[in-house]
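J.: There's a structure below that I have some questions on.
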Amino acid sequence: MNFARAYRLLLGVSTIVLASGTDAQVRREFTAVHMGVPVRMVVHASSEAIAARAARAAFARIAELDDKMSDYRPGSEVRMLSDRPGDWQTVSPDLLAVLVRAEEVSRNSGGAFDVTLGPLVQLWRETRKSRQLPDPDVLSRARSRSGAPMFEIDIEHSSVRLWVPNMRLDLGGIAKGYILQEALNTLRANGIRAALLEAGGDVVVGDPPPGQAGWSVFVAGGDTATLRRAKALSNVAIATSGGSEQFVEIGGVRYSHIIDPRTGLGATGRHIVTVIAEDAALADAAATALSVLGPERAAGFRKKYPQALVSFRTLPEPSR
Ligand code: AMP
Ligand code: MG
């Protein structure tokens with residue numbers, strides 16, 4: 001994630017007054033860049049002032065969490081964890097919550113989702129630029145610094161331990177969901193019930209807009225249950241992973257930006273997965289996990305989350 005504060009631009013603000021009189025509701029929309037992507041916020045409030053104050057508080061919460069969880073920022077809490085291998089280190093309640101959820105999704109996906117893959121994510125960023133598969137020795141060194149068993153959490157003492165020098169946690173597959181969920185909670189604490197937040201493939205919604213059954217969220221494809229559900233969402237999250245724009249093609253093989261821990265390289269499955277779940281961190285992590293597992297290996301994971309609605313879409317083979 002690229003979190004440069006300098007790029008946090010307020011891109012757009014629009015207002016629509018929906019009703020008049022004492023129950024007047026305004027619909028306001030705000031967009032600002034955080035976590036390297038535009039974050040869109042739609043709120044319904046009883047006044048302009050309430051909408052603006054709540055949005056300000058929610059963006060401040062996003063910036064605070066962004067600072068803690070960015071793997072790009074050397075001073076971030078998550079980066080500092082990697083600097084003292086072998087020691088138990090106390091972490092903030094936010095980082096603990098994300099890591100506990102990440103560990104659960106990792107376990108339930110048989111390691112398909114794994115926040116310790118940081119060194120491989122880094123290596124893959126270089127591969128995408130150079131369009132050359134990594135040298136086997138370099139790959140094997142990165143693999144020796146990655147893997148869920150080298151990372152432990154002590155919930156009771158809010159502590160985390162990384163075992164091996166130069167490990168690097170990468171929260172890119174879960175942090176956005178957690179951050180959006182927290183931003184929705186901040187809006188709620190500021191008197192907003194009806195809201196939608198969206199950032200790079202992740203969406204979370206509160207109560208429906210006034211007079212409507214739910215929020216309608218565009219999903220590019222998927223099964224009928226998901227498409228129908230996405231037309232009227234409330235108090236739920238929806239995440240999509242495996243999008244086509246981040247693929248790289250090398251030697252006739254298409255690799256995703258999501259790492260397959262079995263190979264240490266980008267996953268080669270050609271699917272996009274959409275997950276609807278009650279919590280945005282779970283939806284985000286589950287979508288990343290399922291895009292590695294693919295429809296064939298998804299059954300065990302899906303059984304662990306019976307409330308989640310999962311839909312796969314397979315991309316066509318590129319024409320040659
Ligand atoms: P998403 O777009 O939510 O699917 O997350 C993709 C991001 O998650 C990547 O850009 C990496 O930062 C990180 N990531 C890549 N592979 C994995 C994996 N197998 N498990 C967990 N996180 C991953
Ligand atoms: Mg994800």
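The values are calculated or read from the model by the stated rules, or taken from the named source; none is laboratory data. All of these numbers come straight from a predicted model, not from anything done at the bench. Here the Cβ is made from the backbone with ideal geometry for all residues, glycine too, and neighbour counts use every protein chain on show. Note: areas computed on protein heavy atoms with side chains; ligands, DNA, RNA excluded. Shrake-Rupley method; radii C 1.70, N 1.55, O 1.52, S 1.80 Å.
J.: Take the residues in segment 203-217 that are open to solvent by 10 Å² or more (accessible area, probe 1.4 Å) and under 13 Å from V275 (Cα atoms); name whichever of them is farthest from ligand 1 (Cβ to nearest atom).
T.: Per the stated criteria, the residue is V217.
J.: Suppose the filter is away from ligand 2 (no atom under 12 Å from the Cβ) and in a strand (DSSP E or B); does R254 pass it? Outline the logic, then answer.
T.: Values: away from ligand 2 (no atom under 12 Å from the Cβ): yes; in a strand (DSSP E or B): yes.
Criteria met by R254.
J.: What is the one condition in (1) within 14 Å of ligand 1 (Cβ to nearest atom); (2) surrounded by fewer than 24 Cβ atoms within 10 Å (Cβ to Cβ); (3) over 20 Å from A148 (Cα atoms) that H257 does not satisfy?
T.: Of everything listed in (1) within 14 Å of ligand 1 (Cβ to nearest atom); (2) surrounded by fewer than 24 Cβ atoms within 10 Å (Cβ to Cβ); (3) over 20 Å from A148 (Cα atoms), H257 misses just condition (3).
J.: Turning to a different aspect of this structure: Name the single residue, out of those in segment 235-246 being part of a loop (DSSP other than H, G, I, E, B) and open to solvent by less than 60 Å² (accessible area, probe 1.4 Å), that is modelled with the highest pLDDT.
T.: Step one: of segment 235-246, the residues part of a loop (DSSP other than H, G, I, E, B) are 235, 242-243.
From the residues that got through so far, the ones that are open to solvent by less than 60 Å² (accessible area, probe 1.4 Å) too are 242-243.
On the way: G242: 88, G243: 65.
Among them, the one singled out is G242.
J.: Another question, then. If you go through segment 152-170 one residue at a time, do you hit one that is of a type in the set (S, T, N, Q) and either part of a helix (DSSP H, G or I) or within 15 Å of V39 (Cβ to Cβ) (or both)? Talk me through it step by step, then tell me what you get.
T.: Step one: of segment 152-170, the residues of a type in the set (S, T, N, Q) are 158-159, 166.
Now narrow it down to the ones that are either part of a helix (DSSP H, G or I) or within 15 Å of V39 (Cβ to Cβ) (or both): none.
No, every residue in segment 152-170 fails to be of a type in the set (S, T, N, Q) and either part of a helix (DSSP H, G or I) or within 15 Å of V39 (Cβ to Cβ) (or both).
J.: Has segment 245-253 got any residue that is closer than 25 Å to H34 by Cβ and in contact with an Asp or Glu (Cβ under 7 Å, 6 or more places away or on another chain)?
T.: Scanning segment 245-253, I find no residue that is closer than 25 Å to H34 by Cβ and in contact with an Asp or Glu (Cβ under 7 Å, 6 or more places away or on another chain), so the answer is no.
J.: State which residue is surrounded by the most Cβ atoms within 10 Å (Cβ to Cβ) when the search covers only segment 12-36 and only residues that are over 20 Å from S216 (Cβ atoms) and at pLDDT 95 or above.
T.: H34
J.: Now for a different question. What number of residues within segment 129-151 satisfy the criterion of being at pLDDT below 95, surrounded by 15 or more Cβ atoms within 10 Å (Cβ to Cβ) and in a helix (DSSP H, G or I)?
T.: Qualifying residue count for the region: 2.
J.: For a quick check of your reading of the model, give me the residue pairs whose first member lies in segment 254-265 and is at positive phi, whose second is near ligand 1 (Cβ under 10 Å from one of its atoms), with beta-carbon atoms closer than 7 Å and at least 6 apart or on different chains.
T.: G264/L120
J.: When the residues of segment 171-198 are narrowed to those that are within 11 Å of ligand 1 (Cβ to nearest atom) and outside any helix (DSSP H, G or I), which ends up nearest to A49 (Cα to Cα)?
T.: Among those residues, the one meeting the criterion is I174.
J.: Can you tell me how many residues within segment 224-234 are touching a residue at least 40 places away in the same chain (Cβ under 8 Å) and either within 16 Å of ligand 1 (Cβ to nearest atom) or exposed (fewer than 15 other Cβ atoms within 10 Å of the Cβ) (or both)?
T.: Adding up the residues that qualify gives 1.
J.: Please state which of the following conditions N185 fails to meet, knowing it meets all the rest: (1) under 23 Å from the mean Cα position of the chain (by Cα); (2) open to solvent by less than 50 Å² (accessible area, probe 1.4 Å); (3) over 20 Å from E103 (Cα atoms).
T.: (2)
J.: Another question, if that's okay. Filter segment 261-297 for residues that are open to solvent by less than 50 Å² (accessible area, probe 1.4 Å), away from ligand 1 (no atom under 14 Å from the Cβ) and of a type outside the set (D, E) and give the result. Show your work before the answer.
T.: We begin by selecting, within segment 261-297, every residue open to solvent by less than 50 Å² (accessible area, probe 1.4 Å); these are 261, 264-267, 269-277, 279-294.
Subsequent filtering for residues that are away from ligand 1 (no atom under 14 Å from the Cβ) retains 270, 276, 279.
Correct list: R270, I276.
J.: Related question: Quick one: how many residues across segment 148-181 are away from ligand 2 (no atom under 16 Å from the Cβ), in contact (Cβ under 8 Å) with a residue 60 or more places away in the chain and of a type outside the set (K, R)? Break it down stepwise before answering.
T.: The initial filter retains those residues of segment 148-181 that are away from ligand 2 (no atom under 16 Å from the Cβ), namely 148-168.
Narrowing the set further to residues that are in contact (Cβ under 8 Å) with a residue 60 or more places away in the chain leaves 154, 157-168.
From the residues that got through so far, the ones that are of a type outside the set (K, R) too are 154, 157-160, 162-167.
Looking only at that region, the number is 11.
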